[in-house]
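See structure below.
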Amino acid sequence: MAFNCAILDSYLSTLQSSKILAYSSLLFILVGFYRYVSFGYKLTKLFFELFILSGKNLKNYGAGKGAWAVITGASDGIGKEFSLQLAKKGFNVVLVSRTESKLVELANEIEQKFKVNTKVLPFDFSLNQSIDYQALANLIEPLDVTVLINNVGQSHAIPVPFAETEESELSNIILINDLATLKVTRIVTPKLITKRQGLILTMGSFGGLFPTPYLAVYSGSKAFLQQWSSALAAELKPYNVDVDFVLSYLVTSAMSKIRRTSALIPNPKSFVASTLSSIGLQRGAQGRAATSTPYWSHAIFQFAVANTVGELSNIVSNLNLKFHIGIRKRALKKAERENKKL
Ligand SMILES: NC(=O)c1ccc[n+]([C@@H]2O[C@H](COP(=O)([O-])OP(=O)(O)OC[C@H]3O[C@@H](n4cnc5c(N)ncnc54)[C@H](OP(=O)(O)O)[C@@H]3O)[C@@H](O)[C@H]2O)c1
């Protein structure tokens, strides 16, 4: 009898372990299948959003019907292109940035070329003066504003270890990139809510998407904007106000100090054209709420990193570290050569 029980026990335990084996194999197959299908879905979505689908028509925000767009950091680079291309689409534009002469020149060019109205507001966001914010509120009060482009931004003069970052640079980056963006949006948003129509587009950066050593403050300032913008998008959805956080790798401009374009580095004109033609499409930024990576090569770059090593991985952080140490060395050598010439 005892002998029979032992055989039964051993039989049951073999059955048990083969059941566990069968269930875990099934689980592996299901997880693998899910990952395979979801990767296929994401890849197809990327392809369609990049090459087949088009974004929301800007007429939805009143283009050509007297609506106004407010653009910060409007006088140069990406902001200047947003100003020109939105005016070309029929928006009146409020141009906000530091240097009045550049704003006036751009406003004249826009009025002549596109026959829309313009207003300019010289505003140094690094000063964080209430009087300037009040001037902006007063300026837009009578205007039918439906679009806000939060473009103004500052990075580090050259890549620098956090411990050596000048305090003025540190606070300017936060004041300009974060506080100014919040305060300007706080002024404009009630108008969009009342109108139940609008678009708030905020410039992000791969510097904030990936951990970026030696640009740590800039990296953190843009990561902050990512979370804030995604949260804002959910708050404003019931009011029919679209919120889009736009991610970008390098673009030729004064800030990037890059002049030559390449497949991965567009000029502001191409970058802004792809942004404005793809409103509502996420392209490379799939899985991030209310976020898009509109430029084709940036989108593919982000997709590849996100689906392999991961955007927040140590591998990305270490590669970025080496890259920026190299840039810092070259920038310091160049400064040394220029100092010797003096
Ligand atoms: N270029 C890139 O590679 C790149 C990549 C990713 C994200 N981005 C983001 O894109 C945005 C635009 O960058 P960009 O390359 O076009 O920059 P940019 O060419 O340097 O232009 C910056 C604009 O902001 C204005 N500005 C700078 N400091 C200001 C201040 N304290 N107060 C008011 N206005 C100020 C400038 O006005 P003044 O001309 O009067 O100084 C200029 O109109 C930024 O948010 C940046 O982080 C850029």
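The values are calculated or read from the model by the stated rules, or taken from the named source; none is laboratory data. Just so you know, these numbers come straight off a predicted model, no measurement behind them. Glycine also receives a Cβ, built like all others from the backbone with ideal geometry; neighbour counts cover every protein chain displayed.
Points to keep in mind about this one:
- Reported count of residues in the stretch 94-108, each being out of contact with any Pro (no Cβ under 8 Å at 6 or more places or on another chain), touching a residue at least 12 places away in the same chain (Cβ under 8 Å) and in a helix (DSSP H, G or I), is 4.
- Taking the stretch 228-258 as the range and being among the charged types (D, E, K, R), outside any helix (DSSP H, G or I) and more than 16 Å from the ligand (Cβ to nearest atom) as the test, only 242 passes.
- Of the residues making up the stretch 77-93, those that are in contact with a strand residue (DSSP E or B) (Cβ under 6 Å, 6 or more places away or on another chain) and either of a type in the set (S, T, N, Q) or without any contact (Cβ under 8 Å) to a residue 12 or more places away in the chain (or both) are 83, 92.
- Here the stretch 293-326 is the region considered, the condition is being in contact with a Gly (Cβ under 8 Å, 6 or more places away or on another chain) and small (Gly, Ala, Ser), and the residue that is nearest to residue 56 (Cα to Cα) is 299.
- Count - residues of the stretch 112-133 that are within 16 Å of the ligand (Cβ to nearest atom) and either within 22 Å of residue 241 (Cα to Cα) or not hydrophobic (A, V, I, L, M, F, W, C) (or both): 10
- Scanning the stretch 48-83 for residues that are under 20 Å from the mean Cα position of the chain (by Cα) and part of a helix (DSSP H, G or I) turns up 49, 50, 58, 77, 78, 79, 80, 81, 82, 83.
- Residue check for residue 139: over 25 Å from residue 226 (Cβ atoms) and either hydrophobic (A, V, I, L, M, F, W, C) or more than 13 Å from the ligand (Cβ to nearest atom) (or both): yes
- Scanning the stretch 201-220 for residues that are buried (at least 20 other Cβ atoms within 10 Å of the Cβ) and more than 14 Å from the ligand (Cβ to nearest atom) yields a count of 3.
So that you can scan it fast, the table gives a plain yes or no per residue for (1) of a type in the set (Lys, Arg); (2) modelled with pLDDT under 90:
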site: 2; (1), (2): no, yes
site: 16; (1), (2): no, yes
site: 27; (1), (2): no, no
site: 48; (1), (2): no, no
site: 52; (1), (2): no, no
site: 55; (1), (2): no, no
site: 72; (1), (2): no, no
site: 90; (1), (2): no, no
site: 98; (1), (2): yes, no
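- Just one of the listed residues (69, 74, 63) is within 30 Å of residue 191 (Cβ to Cβ), surrounded by 10 or more Cβ atoms within 10 Å (Cβ to Cβ) and free of Cβ contacts under 8 Å to residues at least 40 places away in the same chain, namely 63.
- Qualifying residue in the stretch 144-157 (condition: in contact (Cβ under 8 Å) with a residue 60 or more places away in the chain, of a type outside the set (Val, Ile, Thr) and touching an Asp or Glu at 6+ places or on another chain (Cβ under 9 Å)): yes
- Filtered residue count, the stretch 21-46, keeping only those that are more than 20 Å from residue 242 (Cβ to Cβ) and surrounded by 14 or more Cβ atoms within 10 Å (Cβ to Cβ): 2
- Some residue of the stretch 77-85 being over 18 Å from residue 61 (Cα atoms) and more than 7 Å from the ligand (Cβ to nearest atom): yes
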